[in-house]
Amino acid sequence: MPSGRVEQQTDHEGTVMTERIRALLDEAAEEIRPLAADPAPGIVRRAVARRRRVIAATAVVATVAALAAGTVLRVVGGTGPAPREVAASPSPLPSPLPRVLEPEVVDGEVRFNGLILPLAPGWKYREVETAVDYCVIEPKTVVLAMNGLGPGGDCNAHAQLQLSDDWQRYYRVHMFQAGRRFSLGLNEIVLPGGQPLWLDDNEVHNIVRGMQSSFTAGSLAAPWAAARLSYEMSPAEAAAVLQSIRGVPAPVTRLVVPDGVSDVYLNLDGETVHSTDPAVLKQVIERLRGLERMVQPAELPCAGAKVISPRLPDWLLAAKDMAQLDLVIMNPSPSPATTKISVLHQVTVGIGTAAECSFATSSDGGRVWLPAGFAAELHELIGGKP
């Protein structure tokens, strides 16, 4: 049908035009073959799903709307702009990554919530249900220790990789209460498969210095796996063991953001802003959910990403000095016996601040590209000074 303008018809042409419009509707309904008795809703749904039917469906919907209003329309030829596309309905919100607490050992690999830790030759796997001292664990062990390990004991240092579910140890909101300032920037390494590893500036320093020493130790968060990795080993062992860690290919989605957020915290450049204003919370959530340019697996790290250590050439900092945004669901009825804040759930979003290759990663899943100045925009929205 040629593009053109729409004119009103007078009532004396109504009978003729009604027959023409009925034929138009019948033809569109026959082409699309709706399952519903009423063809109009089916035509609209298919127009959204199949862009090639947009123009025809737009004309049909406009005609039906005019009939409902008691006006008969006629399309005449012209050279005006083509009809606008029917706007697609918002895509469904992504779901949090599934997580379990039971690891698997498959074909010499420890698998935990999408994280894969290969057992190097001579290494073993052990689960510890109660807190024990470091020295009790045999050398060259990947140990699942949900309750953590003791400080050590009277033994020589030996290689060990600890896995626990306390990934938020250094990311909980009590770190930022009362406007507390700190400058431990959030940095991200993207493992093969897409899983993020988060580490602050202090941990980056530990890796750099440790890989130059006779023994290295450190701790990293794997938020998508809801796990914390702590390691102690020689630099040569670290180069082999740490760089072998990878992830099951992660789903490419928008940011996973929770409902029911009661508090939002943003730490940017060492300054924390906080809000409980429902209007502010609504705008923050809408801005995050409106980010639809999803990062594809092959797009990170970007060209120019820095190697964290020459002895770990595969570990590149995909993002450095990210802002930390915390979306918190507080317990509405905390125990009166304690003055500590009571958090039911907390989702952390790393917000890139770089001028180029700036992206955001949610701890519950999803990674998206960011428009310029996004972190500063959130900072001002939540209450920071522009």
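The values are calculated or read from the model by the stated rules, or taken from the named source; none is laboratory data. Bear in mind that the values here come from a model prediction, so they are computed numbers and not experimental data. Here the Cβ positions follow ideal geometry from the backbone for every residue, glycine too, while neighbour counts run over all protein chains shown.
Which of the residues that make up the stretch 219-253 are in a loop (DSSP other than H, G, I, E, B) and surrounded by 22 or more Cβ atoms within 10 Å (Cβ to Cβ)? Selection gives A226, I245. In the stretch 276-306, of all residues being more than 14 Å from E377 (Cβ to Cβ) and among the polar types (S, T, N, Q), the one that is farthest from the chain's Cα centre (by Cα) corresponds to T276. With respect to E188, is the statement that it is over 17 Å from V142 (Cα atoms) and either at pLDDT 95 or above or assigned to a strand (DSSP E or B) (or both) true? Taking the combined requirement at face value, the residue satisfies it. Can you confirm whether the stretch 118-132 contains a residue that is at pLDDT below 80, assigned to a loop (DSSP other than H, G, I, E, B), among the aliphatic types (A, V, I, L, M) and in the same structural domain as L199 (by TED's automatic domain parsing)? For the stretch 118-132, residues at pLDDT below 80, assigned to a loop (DSSP other than H, G, I, E, B), among the aliphatic types (A, V, I, L, M) and in the same structural domain as L199 (by TED's automatic domain parsing): present.
Looking across the stretch 264-278 at every residue that is in contact with a helix residue (DSSP H, G or I) (Cβ under 9 Å, 6 or more places away or on another chain) and of a type in the set (S, T, N, Q), the one that is farthest from G350 (Cα to Cα) is identified as S275. Note on the stretch 340-384: residues that are closer than 24 Å to S262 by Cβ, surrounded by fewer than 21 Cβ atoms within 10 Å (Cβ to Cβ) and of a type in the set (S, T, Y) amount to 1.
Mind checking whether some residue in the stretch 144-153 is surrounded by fewer than 18 Cβ atoms within 10 Å (Cβ to Cβ), more than 25 Å from P235 (Cα to Cα), modelled with pLDDT under 80 and in contact with a Leu (Cβ under 8 Å, 6 or more places away or on another chain)?
Among the residues of the stretch 144-153, at least one is surrounded by fewer than 18 Cβ atoms within 10 Å (Cβ to Cβ), more than 25 Å from P235 (Cα to Cα), modelled with pLDDT under 80 and in contact with a Leu (Cβ under 8 Å, 6 or more places away or on another chain), which makes the answer yes.
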